[in-house]
1. Scan the stretch 74-94 residue by residue and report those that are of a type outside the set (D, E, K, R), open to solvent by less than 80 Å² (accessible area, probe 1.4 Å) and closer than 28 Å to ASN35 by Cα.
2. Do you know which of the residues in the stretch 95-104 that are of a type outside the set (Gly, Ala, Ser) and at pLDDT 90 or above is most open to solvent (accessible area, probe 1.4 Å)?
3. Can you pull out every residue in the stretch 64-73 that is open to solvent by less than 70 Å² (accessible area, probe 1.4 Å) and either touching an Asp or Glu at 6+ places or on another chain (Cβ under 7 Å) or closer than 26 Å to MET1 by Cα (or both)?
4. Do we find that TYR31 is among the aromatic types (Phe, Trp, Tyr), out of contact with any strand residue (DSSP E or B) (no Cβ under 7 Å at 6 or more places or on another chain) and in a helix (DSSP H, G or I) in this structure?
5. Restricted to the stretch 30-55, and to residues that are of a type outside the set (Ser, Thr, Tyr) and exposed (fewer than 13 other Cβ atoms within 10 Å of the Cβ), which residue is farthest from HIS104 (Cα to Cα)?
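The values are calculated or read from the model by the stated rules, or taken from the named source; none is laboratory data. These figures come from a predicted structure and were not determined experimentally. Please note: Cβ atoms are built from the backbone with ideal geometry, for glycine as well, and neighbour counts cover all protein chains shown. Keep in mind that these areas ignore ligands, DNA and RNA; they rest on the heavy atoms of the full protein, side chains included. Shrake-Rupley method; radii C 1.70, N 1.55, O 1.52, S 1.80 Å.
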Amino acid sequence: MKPHQKLSIISSQSSHGNYQLSVNNVDVTPYIAWNTGKFVFSDVPLDIILSIMRNWYHIDIELANSDAGKLLFTGTIDRYGSPNTILKSISKVTGLTIIQSSNHYTIK
């Protein structure tokens, strides 16, 4: 393998112990972003971003409109920044309304 490559091991469902290896060129930024204190997203659905935020910031986020969860985002976020700042940015970009009550957020 060379720098900027990813190795994937793919198992065959038809037989036990049969694996294929695949080497692909990748942008390593999302894979090493944790080391720089960043979240890096490239065409990631809002549902996934909110799930990451729930786990990282230990907050409760409810998405009132499930279709909004399909919106795709690309960008870099400071992992140690305020969840309020991140959610305000999402609101500005999407036009969605964010309502906060203590540690609970509702996105409409």
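1. Restricting attention to the stretch 74-94, the residues satisfying the condition of being of a type outside the set (D, E, K, R) are 74-77, 80-87, 89-91, 93-94.
Filter again for open to solvent by less than 80 Å² (accessible area, probe 1.4 Å), leaving 75, 77, 81-84, 86-87, 89-91, 94.
If the condition is that a residue be of a type outside the set (D, E, K, R), open to solvent by less than 80 Å² (accessible area, probe 1.4 Å) and closer than 28 Å to ASN35 by Cα, then GLY75, ILE77, GLY81, SER82, PRO83, ASN84, ILE86, LEU87, SER89, ILE90, SER91 are the ones that fit.
2. Taking the stretch 95-104 as the starting set, the residues that turn out to be of a type outside the set (Gly, Ala, Ser) are 96-100, 103-104.
Next cut, at pLDDT 90 or above only: 96-100, 104.
On the way: LEU96: 25, THR97: 75, ILE98: 48, ILE99: 77, GLN100: 97, HIS104: 51 Å².
Among those residues, the one meeting the criterion is GLN100.
3. Hit for the stretch 64-73 is GLY69, nothing else.
4. Details: among the aromatic types (Phe, Trp, Tyr): yes; out of contact with any strand residue (DSSP E or B) (no Cβ under 7 Å at 6 or more places or on another chain): yes; in a helix (DSSP H, G or I): yes.
The answer is yes for TYR31.
5. Step one: filter the stretch 30-55 for residues of a type outside the set (Ser, Thr, Tyr), giving 30, 32-35, 37-41, 43-50, 52-55.
Filter once more, keeping what is exposed (fewer than 13 other Cβ atoms within 10 Å of the Cβ): 32, 34-35, 37, 43, 55.
Values: ILE32: 30, TRP34: 25, ASN35: 28, GLY37: 24, ASP43: 26, ASN55: 13 Å.
In this case the residue turns out to be ILE32.
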